[in-house]
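Just below is one structure, and these are the notes that go with it.
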Amino acid sequence: NKTVGPPPPHASNGFAKLLIELQLVCPTTSRTSCGEWDRILSLYAIRKNNHDSDNDHVAETAKDKASSQLKTQQRKEIARFVTGYSSPGHYLTDSTTMLPHIVSSVQSEGDDVEFSLQTRAGWAKIGHNVTLRFYFIRADDDKSAKVTAASKESSFLQLSDTVLDQQQEQHQKIETETETETETETSSRRGQMPSRSLSLFTGGNLLGFNQPGRTARIVVLPPSMGEEAEAAEEHKNIAISRARPSSNTTSFYVVNSGAGIANLSISSLTTGHGWGKDVANCAEFCNTQHQFTVSVKLMGQTQGSSSVNSKELEIIAEHTMNTTQEFKIAGTDLGCASNIEVAPNQYGSWHEGRAGWCPGSSVPPKVDYLGMPSKFLSALSGPQSAGKEIWIDIKYKAFFNHTEYHYEEAEGEQKNDNGYDAEIKHTSYFDIWTDSRLGRQHPCVLFSNKATLHEGGSQSQSESSRRRRNSNGRGRSKRVKKQHRKSSSHSKNRKRKSFQEVQVA
């Protein structure tokens with residue numbers, strides 16, 4: 001763990017990009033000193049309130065227990081990496097949407113930030129020396145120079161001119177076409193900065209994943225309602241009562257739009273894990289689909305209403321957005337070997353495709369912009385904003401072969417007693433973007449139902465199963481491939497361990 005103080009208020013404004021660089025070095029000249037197995041490394045940012053020392057220790061009083069709960073809630077996963085098989089690593093990931101978890105756009109929120117790089121793989125030896133670097137880039141900085149300085153020694157960049165096979169050529173062609181298609185969209189977002197990041201959903205076991213469901217509602221109010229304190233409080237309470245969803249809703253927020261909102265997006269980190277238990281070898285070696293369904297409604301006063309605090313609103317305009325992420329390389333022979341961002345020449349079955357990750361790589365956040373017509377956000381500014389609200393409903397579901405996952409037990413050579421059940425490791429946020437040209441009053445959260453939720457730290461049943469694996473099981477593959485497995489005579493009776501925390505240089 002490493003705790004750092006907040007930057008000066010004038011320094012924390014205007015950051016338009018965040019790059020996180022992770023360097024893993026073997027303690028000795030032998031690669032085996034890095035640790036034999038691939039492990040998930042989650043980087044958490046924990047905002048620590050400088051004005052409340054109770055957040056810095058855990059005591060037996062009820063007040064301190066509540067403070068400890070709040071600290072757990074404030075822990076946000078901002079980056080995810082996977083170590084290689086007996087390999088060093090050097091990764092660079094764009095974590096721009098995670099900026100609000102580190103620096104605040106509000107000058108009064110000068111909290112310390114504790115960074116914690118964690119793995120739950122208690123069965124695996126930790127063997128890396130770790131260096132983390134954060135690159136904060138302003139909108140008017142020379143981006144190309146900054147990026148080069150951050151990544152000039154990254155091993156994956158040195159491989160960028162190497163064509164491994166026809167599969168990689170096709171992969172590069174697809175990337176080029178995608179960049180061309182999104183160039184116009186990127187240009188339209190120039191100058192925008194993430195101002196707020198609201199927690200949405202976490203993952204869990206793939207079996208029964210969509211029951212009872214993961215849903216969220218965000219209500220955005222116009223800034224004009226904040227001019228009078230009493231009026232703002234009254235309108236907030238009415239908005240909460242009017243828009244409050246069912247008790248099964250995972251997340252519910254009411255947000256004041258401040259000087260204006262430039263954009264809205266959903267960012268997510270999603271990877272599949274689990275193998276050797278079912279016929280499909282889920283969720284590490286099977287293709288799962290992850291679907292966000294977003295419904296946006298611009299709400300206004302009902303006809304004939306004269307009060308901005310009317311308890312009923314009507315729909316003025318609607319917008320929908322559906323996006324799906326899937327992992328087509330999962331279970332393929334060379335899915336990870338064909339990815340130029342993966343550390344090459346590892347041991348074991350590193351070359352086989354996984355669901356959203358590869359041994360020896362970073363997991364880049366997926367960012368989906370809501371793509372609303374401009375009239376939605378412009379309706380919340382100016383004199384015409386009175387009585388207007390935006391309601392955003394979000395649903396997240398996970399599927400296998402585009403349908404609900406059903407467990408079918410593996411038999412014979414497909415079954416491995418050292419495997420564990422299919423699970424989805426997922427973290428997602430709702431991102432609010434601003435533009436400095438719109439003013440200095442940033443959006444603020446007026447209400448949240450997340451007061452006691454332990455975000456990003458709940459342990460699924462399969463995490464416990466993971467610790468029971470021995471070395472024979474850990475060299476897993478989508479098929480039984482003994483030539484790719486490494487054995488370890490002393491690893492069969494590993495005891496379960498708690499979190500291991502890697503020191504940050």
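The values are calculated or read from the model by the stated rules, or taken from the named source; none is laboratory data. Small disclaimer: the values here were computed from a predicted structure and weren't measured. Here the Cβ positions follow ideal geometry from the backbone for every residue, glycine too, while neighbour counts run over all protein chains shown. Just the protein is used for accessible areas: all its heavy atoms, side chains included, with ligands, DNA and RNA removed. Shrake-Rupley method; radii C 1.70, N 1.55, O 1.52, S 1.80 Å.
Listing for the model above:
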| item | result |
| --- | --- |
| Amide H contacts under 5 Å for Cys444, placed H, 5+ residues apart | Asn256, Gly258 |
| Accessible surface ranking that places the most exposed of Lys236, Lys415 first, with a 1.4 angstrom probe | Lys415, Lys236 |
| Cys282 - accessible surface, heavy atoms, 1.4 Å probe, Å² rounded to 10 | 0 |
| Part-to-part distance (alpha-carbon centres) for the range 396-418 and the range 248-266, which is given in Å | 36 |
| Listed residues Lys375, Lys76, Lys125 arranged by accessible area, highest first, probe 1.4 Å | Lys125, Lys375, Lys76 |
| Cα-Cα over 29 Å, subset of Lys236/Lys395; Lys17/Lys236; Lys328/Lys415 | Lys17/Lys236 |
| Dipole-positive endmost among Gly356, His402, Ile390 within the range 349-413 (Cβ charges, Cα centre) | Ile390 |
